[in-house]
1. Please go through (1) modelled with pLDDT of 75 or more; (2) outside any helix (DSSP H, G or I); (3) of a type outside the set (A, V, I, L, M, F, W, C) for Gln73 and return the number of the only condition it doesn't satisfy.
2. Is at least one residue of segment 245-253 within 18 Å of Ala64 (Cα to Cα), modelled with pLDDT of 95 or more, under 13 Å from the mean Cα position of the chain (by Cα) and not charged (D, E, K, R)?
3. If you scan segment 256-300, which residues turn out to be in contact with a helix residue (DSSP H, G or I) (Cβ under 8 Å, 6 or more places away or on another chain), on the phi < 0 side of the Ramachandran plot and outside any helix (DSSP H, G or I)?
4. Just to be sure before I move on: is Ala227 in a helix (DSSP H, G or I) and either at pLDDT 70 or above or small (Gly, Ala, Ser) (or both) in the structure I sent?
5. Working only within segment 321-337, note down all residues that are within 21 Å of Trp252 (Cα to Cα) and either buried (at least 24 other Cβ atoms within 10 Å of the Cβ) or β-branched (Val, Ile, Thr) (or both).
6. List pairs: first residue in segment 76-90 and small (Gly, Ala, Ser), second residue modelled with pLDDT under 75 anywhere in the structure, Cβ distance under 7 angstrom, at least six positions apart or on different chains.
7. Residue by residue through segment 240-255, note down the ones that are surrounded by fewer than 19 Cβ atoms within 10 Å (Cβ to Cβ) and outside any loop (DSSP other than H, G, I, E, B).
8. Report, by residue number, each residue of segment 302-328 that is at pLDDT 95 or above and of a type in the set (Asp, Glu).
Amino acid sequence: MTRIPRAHGHRTAAALILLCALTATPQWPARAAPDPGTATLDEVRRQLDHLYHQAEAATDKYNAADEKATAQQKKVDALNGRVKRAGQQEGRLRALLGAAARAQYRSGGLPAEVQFALAPDPEHALDNAALARQAQQGTQEQLTALETTRRELRTRTDAATAELSRLRASRSAMDENRDEIEKRIDAARALESQLQAKELRRLAELEKRARDRAQAEWVGTGILNEAGTEASTAGRKAIAYAARQLGKPYGWGDEGPDSFDCSGLTSQAWASAGVVIPRTSQEQWRRLPRVDVKDMRPGDLIIYFDDASHVSLYTGSGEMIHAPRPGRDIVVAPAASMEILGVVRPDK
């Protein structure tokens, strides 16, 4: 491990003290900070990874809560629209029944058999009377069925509205958690800002070394010998979209066009190919068809970590495009530079 030069150790120590205080808050799992006197850059790297992982996991939960509330709002709006249309149709049917009643009143309300006896054309009168009764009966049946439907719709709308209120409350709780997420990001940035330029370069080297080691072990299994090399038509479009975003910054909770978080990038890439997928990496893992890692092909999504808190777009040859974390830009990186949970295929 590379020990931080003593000339700058006090700056790193200050950052680690700040880090230790923040990671001890009740909402987040506490993690012991290295002893300031013996802190190493490798330990700093692990602390940074831990903080950014916490922030990304919390971001995914926030995005999921927002997505569910938005979808539920659309459901409530659709049900309210159906209730409104049913009410309008009910009004038209009642108007028809009222018009029929008024017409019968104007004709004197004579029974059909009397109208038949007095009519100059009895056969025509009988036909008219039968048709009128059928029309009134049919309208009344439609009205009864419509009233039942409208009551059922109202019951469903009330239940959906109650669920929307619950989801909004959950989203409000996530809004409050947003401050905690931002504290995690600020803590990580504060830690990095305490490092000298030389230390930052060395930290970047350590990060690259860790990525390369993980990638080498993965490639060494021979897995790429079995993986597909050709993307589907939609997959090629998704990759092309992601490639156009290279160099754009990571943006917490963003889905373009100027910045993206990890799942914002993958969801928009596939949307550009005409395939709608869930907004968050956790939902992408839960709801999209899974394929064995050895069977993956370009365009597939690689899900990372046990909590499915990160996602990338596989581009082939052992590489992927992803939005890494706050403070970083969208890049091409080794596909196995993080712990792979599994692979999903949006267009399977």
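The values are calculated or read from the model by the stated rules, or taken from the named source; none is laboratory data. All of these numbers come straight from a predicted model, not from anything done at the bench. All Cβ positions, even for glycine, are placed from backbone atoms using ideal geometry, and neighbour counts span all protein chains on display.
1. Of the numbered conditions (1) modelled with pLDDT of 75 or more; (2) outside any helix (DSSP H, G or I); (3) of a type outside the set (A, V, I, L, M, F, W, C), the odd one out for Gln73 is (2).
2. No, that holds for no residue.
3. If the condition is that a residue be in contact with a helix residue (DSSP H, G or I) (Cβ under 8 Å, 6 or more places away or on another chain), on the phi < 0 side of the Ramachandran plot and outside any helix (DSSP H, G or I), then Phe260, Asp261, Ala273, Val275, Val276, Ile277, Pro278, Arg279, Thr280, Arg297, Pro298, Asp300 are the ones that fit.
4. The answer is no for Ala227.
5. Ile321, His322, Ala323, Ile330, Val331, Val332
6. Here the result reads Ala86/Leu146; Ala86/Thr149; Ala86/Arg150; Ala86/Leu153; Gly87/Arg150, each pair linking segment 76-90 to a residue that is modelled with pLDDT under 75.
7. Within segment 240-255, Ala240, Ala243, Arg244, Pro249, Glu255 qualify.
8. Residue satisfying the conditions is Glu319 alone.
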